[in-house]
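Readers should treat all values here as calculations from the given coordinates under stated rules, not as data from a laboratory. This one's a predicted model, so the numbers in the text were calculated from it and none came from an experiment. Note that each Cβ is placed from the backbone with ideal geometry, even for glycine, and that neighbours are counted across all protein chains shown.
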Amino acid sequence: MLVLGVAAAVAVMGAVWMWGQQPDYRVLFSNFSDRDGGAIVAELEKMNIPYKYAEGGGAVLVPADRVHDARLKLASQGLPKGGNVGFELMENQKLGASQFVERVNFQRAMEGELARSIESVSAVQAARVHLAMPKDSVFVSEQKAPTASVLLNLHPGRVLDLQQISAIVHLVASSVPELPTKNVTVVDQNGNLLSDTGKAASVNGMDPSQIKYVQELQNNVVRRIESIITPIVGPNNVRAEATADVDFSRSEQAVESYKPNQTPDAMVVRSQQTSESLNGSANPGGVPGALTNQPPAPATAPINAPGQKSPAPANAVPATNTRKDATVNYEVDKTIQYVQQGSGGLKRLSVAVVVNYKQTTSKDGKAVMKPLTEAEKTQITNLVKEAMGFNAERGDSINVVNTPFARAEQEVIPELPFWKQPEYAEYIQIAKTAGKYLLMALALLILYLRVLKPMIKKLSEAMAQPPASQNAQLQHAELMALPGQRNYQENLSRAQKMANEDPRVVANIVKTWVGSNE
C-alpha cells in the first residue's frame with residue numbers, strides 16, 4: 001500500500017508539472033473548408049507542431065510562440081487555398097493528357113481565379129463562378145458566345161448596390177474572351193437575381209439609384225442645418241428632417257418664333273426686283289425727206305409768253321406708255337430655341353427642425369431649462385432657410401419648434417476595477433503566468449512534504465524493521481539479561497512500558513518462559 005501511495009503521489013506531481021508546462025494556444029486559421037483543414041493538419045504533423053481544434057471545429061489552434069512561424073510556412077505552400085482552385089492546377093499537368101482534359105482544367109482554373117477576385121469585395125463572403133465556353137467553330141453562323149453564372153454568398157447584413165453588381169458583371173465579362181455583359185448572371189445566396197438591370201421600378205416608380213439620390217439630398221440638407229445650428233444650441237440639442245420632392249422626368253422642347261421689325265431703320269432687304277416696260281407706236285413720224293433723216297438740232301428753251309405753249313418740233317415723235325414694277329423683300333425676325341430639361345430637378349423641399357430648451361443657471365446654482373426667445377427663434381429660422389436654400393416660389397416650407405427634449409434615464413455604469421482596465425492587461429497577464437508557476441511549485445511542495453515524504457519515511461522504516469519473531473527474541477534477550485547488568489527498577493519500567501505498548505510481545509515472552517520451565 002505504501003508503494004502504491006508513493007506511485008500515486010508521484011503521478012499527481014507529474015500531472016501538476018505537465019499542467020504548468022502546457023503552452024498557451026492561439027488561433028492559426030479559422031473559417032476554412034474541410035479540404036483546406038485536412039491539408040493544414042497534415043502539414044502541421046509533418047512539421048511536428050502540436051495543434052488542437054477549437055470548440056465546434058471552426059478553428060485550428062497552435063502554441064502561441066509558433067503561430068507566425070506556422071502561418072509563414074503554410075503560406076509558402078499555398079495554404080489555405082480558400083476552397084477554389086486557381087491557375088496552380090496547371091502546374092501539375094500529367095504527361096499524355098488529352099486536349100479535352102487540358103481544356104477542362106483551364107476552365108476550372110479560370111473559374112477559381114474569378115471566384116478569388118470576386119471574394120475580394122468587402123461584402124462578399126464566398127463566391128462560385130460557372131463558365132459555359134462553347135467549342136470554337138470555323139463557321140460564323142455556328143459560333144456561340146460564352147456565358148457565365150456567379151453565385152454570391154454575402155456577409156450577414158450586407159447588400160450590394162447597382163454599381164457593385166455592375167462592377168462584378170464587367171469583371172467577369174472582361175476576363176473571358178468574347179463574353180458580353182448581358183450573358184453574365186449574378187445570383188445571391190437567397191436566390192435573388194442581382195444582374196437583372198431591366199427589373200421593375202421600386203416604390204413611387206423610382207429605381208434604387210433615384211432613391212439613393214433623394215436620400216443623399218435629404219441627408220445633405222439635414223447635415224447643413226444641424227452643423228450651423230449646433231454651435232448655437234449645443235450638441236444633441238437640435239434635430240432636423242428634410243423631405244425632397246424631386247422630378248426625375250426628362251423633357252425636350254424646340255421653339256421657332258417670328259416677330260415683326262420694330263423700326264423701319266432695322267429693316268434689312270433680303271431681295272429686290274425691278275422691271276420697266278414701254279408701250280407706243282411703231283410707225284415713224286415726221287415729214288419724209290432728207291430733213292427728217294437729219295439728226296435733231298440741239299435743244300433750246302424757247303421764250304414764250306405767259307400762258308403760251310411752246311411749239312412742237314417739226315420732227316417730234318408721238319408719246320408712248322411707260323410701266324415700272326419694283327419688288328422688295330425684307331428680312332423678318334426669327335428665333336429658334338431648343339430646351340432640354342434634365343432629370344433630378346428639385347420641385348419642393350420641406351424641412352422640420354426641433355430645438356431643445358436652452359439650459360441656464362438659476363440663482364441657487366441649479367440648472368434650469370428655459371424656452372428660446374422670439375428673437376432667437378427668428379434667428380434660427382433665418383439660418384435654417386439659408387442652409388436649406390429656401391425658395392418661396394418653389395413652394396418650400398419650414399417649421400421650427402422649440403420644445404424640451406425627453407431625456408432617457410442614463411444607466412449608471414460602475415467603474416471597472418483596475419484589473420479589468422486595458423492599460424493593466426499586460427501586467428495582469430504577467431501576473432497570471434507568474435501565479436501559474438507559483439501555484440504549481442506550491443502544489444508540488446505540499447505533495448512532497450505532506451504525502452510523498454511521510455510515505456517514503458514509513459516505507460524505509462518498514463523495510464529496516466526486523467520480523468516480529470526476531471523482535472520478540474531480542475526483547476526476550478533483553479529481559480533475560482543478568483540482574484547485575486541492569487537495575488531492577490529500570491527493568492521493571494521497561495517491562496511495564498513494553499506491556500502497555502505491545503501486549504502481544506509480553507504474552508509471547510511469558511509463553512516462552514512457561515514453555516521453557518524457566
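Within the range 330-345, whose backbone N sits under 11 Å from a point 7 Å along Cα→Cβ of A254? Once the point is set 7 Å along Cα→Cβ of A254, 337-339 turn out to lie under 11 Å by backbone N, inside the range 330-345. Candidate cross-link partners of K385 among the lysines, defined by an alpha-carbon separation under 28 Å and a same-chain spacing of 8 or more, comprise K212, K347, K358, K370, K377.
Within a Cβ distance under 13 Å of T243, other residues only, what is the Lys/Arg minus Asp/Glu net charge? Intermediate values should be presented prior to the final figure.
Numbers: positive: K347, R348; negative: E241, D245, D396.
Within the 13 Å Cβ shell, the charges total -1.
Computed about the Cα centre, the dipole magnitude for the range 112-230 is approximately 140 debye when only Lys and Arg (+1) and Asp and Glu (-1) carry charge, each at its Cβ.
Could you order peptides 110-123, 392-405 by the average number of other Cβ atoms within 10 Å of their residues, highest first? Mind showing how you got there, number by number?
On the way: 110-123: 17.4, 392-405: 12.7.
The densest-packed peptide leads the list: 110-123, 392-405.
Gain in length, N391 to Q77, computed as 0.36 nm per residue apart minus the alpha-carbon separation, to one decimal in nm? Kindly include the intermediate steps, with their values, before the conclusion.
Details: separation 314, 0.36 × 314 = 113.04 nm, distance 6.67 nm.
Result for the pair: 106.4 nm of gain on full extension.
Using 0.36 nm times the number of residues separating Q272 and N321, minus their current alpha carbon distance, what extension gain do you get? The partial results should precede the final answer.
Working: separation 49, 0.36 × 49 = 17.64 nm, distance 2.40 nm.
Stretched fully, the Q272-N321 segment lengthens by 15.2 nm.
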